[in-house]
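Following: one structure in structure tokens, then a few remarks.
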Amino acid sequence: MIKVENVTMKFKLGKERSDSLKETFVKFITGKHKKEELFTALDNVSFHVDKGEVIGIIGKNGAGKSTLLKIVSGVMKPTTGRVTVNGAISPMIELGAGFDMELTARENIFLNGAVLGYSKKFLTEKFDEIVEFSELKEFLDVPVKNFSSGMIAKLAFSIATVVNPEILIVDEILSVGDIQFQEKSKNKMMEMISGGTTVLFVSHNMEQIKSLCTKAIWLEKGKIRKIGSTIEICEEFENEVLKKEKRK
């Protein structure tokens, strides 16, 4: 379903200030050009995901988790390596990123839905279902710029999950909105999983990873530290984090 082969992702680090015209001229004459600094977000990462598997991706901040999801989703191209995906992807990485903040919630349902590849006919048929799930019926004609971040996330999640995709890419979205909506979001994901959807799920919430995922991938400084049983890897990760906290 998903095959990640030797994927490396490097980013150029921007300089804090631009050189003056004089400095640029001197460097050009002397040939002393400063090499661009590169940050390796992912380093030779390889794994595969079979149809129907639910894979949890864990690791500290900066481990490369979100970068990996963006590469699998096709949002980014890796510096080297290859990703092969067999199936339609529904990415839930940056909820609300496709919204126009000047437009109303009603208008953004059609705009964001179009970005996700839904037809106008399909969105019209599913409109009431999206609104009901989002719990935002009273705010349909309010510009999204007046929404809280939680309300935006609710609307985006409701649009993205109106269909059961073949592959679901999820980045920390189960922590959006209030407690009731979080539970509803989790139940929606469980419904998708039971329907055979293949899932890549990034979260710092180990309990969510343990309850939802069939396998876990532990990323550390851009490399795969370990792949295997969800419970085993999550507990090993938690124990290591606790040990480091105690040493401080």
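Derivation of every value follows stated rules applied to the coordinates shown; laboratory data play no part. Every value quoted in this text rests on a predicted model; they were computed, and no experiment measured them. In this analysis, Cβ positions are derived from the backbone assuming ideal geometry, glycine residues included, and neighbour counts consider all displayed protein chains.
The aspartates and glutamates within cross-link reach of residue 77, meaning a Cα-to-Cα straight distance under 15 Å and a gap of 8 or more places when in the same chain, are 5, 43. Using 1/(1 + (r/R0)^6) with R0 = 35 angstrom and r between the beta carbons of residue 82 and residue 107, what's the FRET efficiency to the nearest 0.05? The value I calculate is 0.35. A Förster distance of 45 Å, applied to the separation of the beta-carbon atoms of residue 232 and residue 122, puts the FRET efficiency at 0.60. For residue 210, the aspartates and glutamates whose Cα falls under 13 Å of its own Cα, not counting residues fewer than eight places away in the same chain, are 232, 235, 236, 238. Using the structure shown, list the pairs from 60/186; 3/226; 145/215; 186/243 with a Cα-Cα distance above 28 Å, or answer none. In this structure, 145/215; 186/243 lie more than 28 Å apart at Cα.
Take the Cβ atoms of residue 51 and residue 240, set R0 to 30 Å, and the FRET efficiency comes out at 0.40.
Maximal additional length on extending the residue 182-residue 75 stretch stands at 35.9 nm, based on 0.36 nm per residue less the C-alpha distance. The mean sequence separation of alpha-carbon pairs under 8 Å and at least six residues apart, normalised by the residue count of the chain, gives a relative contact order of 27 percent. A simple spin-label model places pseudo-atoms 7 Å from Cα toward Cβ; at residue 94 and residue 61 they are separated by 1.8 nm.
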